[in-house]
Amino acid sequence: MSAPPSTTTTRPEARPAAAPRPGRREAAAGVPLLDIADLKVHIHTQGGERIVKPIEGVSFTLNRGEVVGIVGESGSGKSMTALAIMRLLPPGARYVSGDIRLDGDSLLAKSDGEIRAIRGRRISMILQDPMVSLDPLFTVGDQLAEALRIHGVVRTRAEMRERMVELLRAVGIPSPEERLRQYPHEMSGGMLQRIVGAIAISCDPELLIADEPTTALDMTVQAQFLELLEGLQERQNLALVIITHDFGVAARLADKVLVMYAGRVVERAPVAEIFDNPRHPYTRALLGARPRAGSTGGKLQSIEGSPPDAANLPPGCPFAPRCPAAQARCQAEDPPAVVINAEHVARCWYAETL
Amino acid sequence: MLRYTLRRLVLGIVTLIGVTVIIFVASRLSGDVTYLLLPQDATEQQVAELRHQLGLDQPIFVQYAKFVEGVAQGDFGESIRYRQPAMGLILSRLPATLELAFAAFFVSLVIGLLFGIIAARARGTWLDRVIRTGAIIFQATPPFWIGIMAILVFAVQLHWLPTSGRSGFDSLIMPAFTLALFFFAALMRITRSAMIENINSEFVKFLRVKGASERSIVYKHAFRNSMVSVIAFAGLLLVNLIGGTVIVETVFAWPGMGSLIVEAVTNRDYPLIQAGVFIISVFLICLNIVVDLSFGVIDPRVRYE
């Protein structure tokens, strides 16, 4: 978005997050909005004799208005990466190395109070299951108002009311005034995920993380929600991290795709290139495993074996035990990131020749 | 909410009718009263006369109807031992029992919630372990022992509190705490586990995403959600307290209903037992209604059931 509207929320056509934000810096030229460099997160289990490595080397950058899709199987570290960005790691998990920068500013160096002021305001997130994302004892209106109040984005009651109605409209909820008075248990999953979305964008964040936002929804509702997410992203010029195990979702929304395996990014490329020219055997396997229109009958291809235990990674490439193209070298040495071109990197010894 | 309330009230009345049936049947099952009232060498005629006097020679349904008629008027007959209206005797002791039960309830609620929240927040640390161990010790120790030890220390040695009886606030402290210490452990554990469960829930994760403060997460959201299970249990606890004051009443010579009923049982003083059981039942039913209604106030999902 080139020029944020300077008037407040009175214009009906204004985007929902219309309040100008004093003190919000415009991005310095060349500094990406989100910059994650060599991030490693380890969990020391009881007694410390076991070390689980859910994130073992994740790097990527994201500009304003850009969409990155993070794809991988469960346990690949996708969700942990999302929590790491929010500074909401589970107890016991520690940042071991690397940094996460927002507008060039390290998030890991922030105090708890500082990070709370950023959460919900500059970085927000949509969780996987909308049915359990809201407090069952408070109305939808209460929970939406809470978000606005925490960050002080509205001043008067009337403004609050107006803003809430506008937000619900923005996420496509009919008769918002009525909905605000309802409790979460009175709504369907699709409706609730829209509410969660409205809360997540209520304070006009710069970065939105959506962690498998459609997994818990019905098929028909999934498509609607993705459409909504796409619309919001474009209208608000959001930087969006969409976490999914579904390449279709990534293909639809993302500008670039990260493929994660065993806590590391094994391939990173613009979305078209991931589909046309995948350079990592795991990416190829994942692409082969997805259902496609036209390929009627026959079995879906599956990837043999299962992902390695994050507490007990093999010495070489973590995918080697399942890799159809693995050589002796792969079992012994962890491959470096091979640069295919400026935008395309694959972590495989044979990325160029495969 | 109105329909919900009405339904609870109707259910309460139905339960009360059930209670009268049970009291009536149970007292008849435990043997013929006439042999208890008359000397062993009484003649057949004397027995028949007494049975007629007590209405025991009438059909069972007529007897029940008369019993219910009496109950409706608060008339349970005369205590066999005290020769006074049974209901009057029970009611004269009721305030002392209620005073003790509610004081103990309040104390165990306060310390149970307090330590439950502290333990939940300090989960896995030494503080958590100390609280949980302490709770187990108090729960495993019989109240009569705690009561006697308390008398020994605070009354006999230190002269801070009276040893027994019911004479103002001072005399309430030891019995109330003795009773409360036995019950607080369960409340503490319920609070702790409910708090831990809620703090680790997805909706709390989303609250954190919103940027909510730890304070609002713990005391506004997690606490309120935990209250649903705490209240269910607290209702049960109060019921237990009203029925369970006997031992403490005995240790501290507290002039309550519990000791009167125990005495009535040993004397087979049926009118007194019936009046006592009836009054306790009325309290339990009222308590259950209050608990159910407070669910409705706290949890919107209950209101729309």
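Here is how the numbers come out for the structure above:
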quantity: Unit charges at the beta carbon, dipole of the stretch A:180-256: most positive-side option, A:223, A:193, A:208; calculated: A:193
quantity: Cα centroid separation - the stretch B:35-81 against the stretch B:180-256, whole Å; calculated: 47
quantity: Residue order, fewest to most beta carbons within 10 Å, for A:112, B:41, B:75, A:135; calculated: B:41, A:112, B:75, A:135
quantity: Folded to 0 to 90 degrees: helix A:157-170 orientation relative to chain A principal axis, Cα; calculated: 40
quantity: Environment charge at residue A:129 (Cβ cut-off 12 Å; Lys +1, Arg +1, Asp -1, Glu -1); calculated: -2
quantity: Exposure proxy order (Cβ contacts within 10 Å, fewest to most) of A:133, B:164, A:175; calculated: A:175, B:164, A:133
quantity: Percentage of interatomic Cα-Cα distances in chain A larger than 31 Å; calculated: 37
quantity: Mean residue ellipticity (222 nm) of chain A, computed from DSSP H runs ≥ 4 via -39,500 (n - 2.57), nearest 500; calculated: -8500 deg cm²/dmol
quantity: Signed unit charges on C-beta, dipole axis of the stretch B:170-290, positive-most listed residue B:262, B:277, B:222; calculated: B:222
quantity: Loop-located GluC sites (Glu not before Pro) in the stretch A:42-79 whose Cβ has at most 15 other Cβ within 10 Å (DSSP); calculated: A:49
quantity: Helix B:86-121 axis, angle to chain B major axis (alpha carbon atoms, nearest 10°); calculated: 20
quantity: Helix A:219-236 vs. chain A, principal-axis angle (Cα, 0 to 90°, nearest 10); calculated: 70
quantity: The stretch B:38-85 - convex hull of alpha carbons, volume per residue in Å³; calculated: 77
quantity: Within the protein assembly as shown: Cβ-based charge dipole about Cα centre, in debye rounded to nearest 20 (Lys, Arg +1; Asp, Glu -1); calculated: 1060
quantity: Kirkwood Rh (inverse of mean 1/r, distinct Cα pairs), the stretch B:11-112, angstrom; calculated: 16.6
quantity: Overall dimensions of the protein assembly as shown by Cα: Rg and Dmax, Å; calculated: 34.7, 116
quantity: Local electrostatic count, residue B:191, Cβ distance below 13 Å [Lys/Arg +1, Asp/Glu -1]; calculated: +4
quantity: Proxy reagent accessibility, fewest Cβ within 10 Å first, across B:303, B:7, B:93; calculated: B:7, B:303, B:93
quantity: Rg to Rh quotient for the stretch A:85-184, alpha carbon positions, Kirkwood Rh; calculated: 1.04
quantity: Cα-based convex hull volume of chain B per residue, rounded to whole Å³; calculated: 170
quantity: Rg(Cα)/(2.2 N^0.38 Å) for the stretch A:116-156, N = residue count; calculated: 1.26
quantity: Helical contribution to [θ] at 222 nm, DSSP H n ≥ 4, -39,500 (n - 2.57), averaged over chain B, rounded to 500; calculated: -24500 deg cm²/dmol
quantity: Residue among A:83, A:315, A:176 farthest towards the positive dipole end of chain A, charges placed on Cβ; calculated: A:176
quantity: Total charge dipole magnitude, the stretch B:13-91, about the Cα centre, Cβ charges on Lys, Arg, Asp, Glu only, Debye to nearest 20; calculated: 240
quantity: The stretch B:161-305 - convex hull of alpha carbons, volume per residue in Å³; calculated: 143
quantity: Magnitude of the charge dipole, the stretch B:212-305, Cβ model with Lys/Arg +1 and Asp/Glu -1, debye to 20; calculated: 380
quantity: Bridge type composition, chain A - antiparallel percent by DSSP, nearest 5; calculated: 60
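We did not get these values from a lab; they are worked out from the coordinates using the rules stated. Keep in mind the model is a prediction, meaning the values are calculated, not measured. Glycine gets a Cβ as well: all are built from the backbone with ideal geometry, and neighbour counts include every protein chain shown.
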